[in-house]
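Following: one structure in structure tokens, then a few remarks.
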Amino acid sequence: MSSLISMLSGQLGGGVMDGLQSQLGGDKDATQRAVTMALPLLFGALAKNSSGEEGAASLHQALARDHDGSVLDNLGGYVRQPDLATGDGILRHALGDRRSGVEAGLSKSSRLDSAATGKLISMLAPLVMGALGRAQRQDGLDKNALAGMLANERREAESTVPQLGGLARLMDADSDGDVSDELADLGKGLLGKLFRR
């Protein structure tokens, strides 16, 4: 997996994963599967949104203003008291009206129930933004460099697991306005490859 996705996945193991499971009420395997799919999906959605000049500027400003990465300093505490309102706001920008389809697809693939899946991605969104905000500050990234880094993250993840290409682009292949079926099908291939490691 790519660098930021790997870093964040690593930090969400062990006791933090136990905390996520406790918050969501699902079993550990379902929670792990959902996290494994959700992180690259969220990075991919942000990469897609920042591919244009306006989107890149908007993301850069949001990170500079609200996401310095400090949320990553105490993940156990965050998981016990997650900022769901901030997460929901991030998801409105990142996923728009496709959120319900994304949740349904993640739920179907991970076998985590839909309410728990919705809560999970709301919990993860500020962590993804925190990782990006920390990278932006540490590396002195301007909006173009930030967009480039996100595009590289997406490409590296897709080269490792080709099924992520569809996940990250949130493509609706059959043009029915519902991405849940595409996400579920792609998720099966993604999870099979990841869990064979």
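None of the figures in this text is laboratory data; all of them are computed from the coordinates on show. Everything numeric here is computed off the predicted structure, so don't read it as measured data. In this analysis, Cβ positions are derived from the backbone assuming ideal geometry, glycine residues included, and neighbour counts consider all displayed protein chains.
Less than 12 Å Cβ to Cβ from Leu59, Lys/Arg counted +1 and Asp/Glu -1: what total charge do the surrounding residues give?
Combined, the nearby Lys, Arg, Asp and Glu give -1.
Three principal axis extents, largest first, for the C-alpha atoms of the range 68-124, in Å?
Extents along the principal axes, in whole Å: 31, 24, 14.
Quickly work out the Ser70-to-Asp18 label distance, labels modelled 7 Å from Cα along the C-beta direction, and quote it in nm with one decimal.
2.8 nm
With unit charges on the beta carbons (Lys and Arg positive, Asp and Glu negative) and the dipole taken about the Cα centre of the range 110-153, which residue among Gln136, Thr117, Leu146 sits farthest to the positive side?
Highest projection toward the positive end goes to Thr117.
Which semi-axis lengths, in whole Å and largest first, follow from the square roots of five times the eigenvalues of the Cα gyration tensor of the range 49-98?
Semi-axes from the Cα gyration tensor: 23, 15, 7 Å.
Provide the net charge surrounding Lys119, with neighbours chosen by a C-beta distance below 11 Å and charges set as Lys +1, Arg +1, Asp -1, Glu -1.
Once positives and negatives cancel, what remains is -3.
Compute the Kirkwood hydrodynamic radius of the range 1-143, taking the inverse of the mean of 1/r over all pairs of distinct Cα atoms, and give it in Å to one decimal.
15.1 Å
Once you place label points 7 Å from the Cα toward the Cβ at Asp88 and Gln11, how far apart are they in nm?
2.5 nm
Give me the net charge of Ala94's neighbourhood, meaning all other residues with Cβ under 11 Å from the Cβ of Ala94; Lys, Arg count +1, Asp, Glu -1.
Residues close to Ala94 contribute a combined charge of +3.
In µm²/s, what is D for the range 1-73 at 37 °C and 0.692 mPa s, where D = kT/(6 pi eta Rh) by Stokes-Einstein and Rh is the Kirkwood radius from Cα pairs?
236 µm²/s
What does the highest-first list of 125-131, 151-157 look like by mean Cβ count within 10 Å?
The packing order, highest mean first, is 125-131, 151-157.
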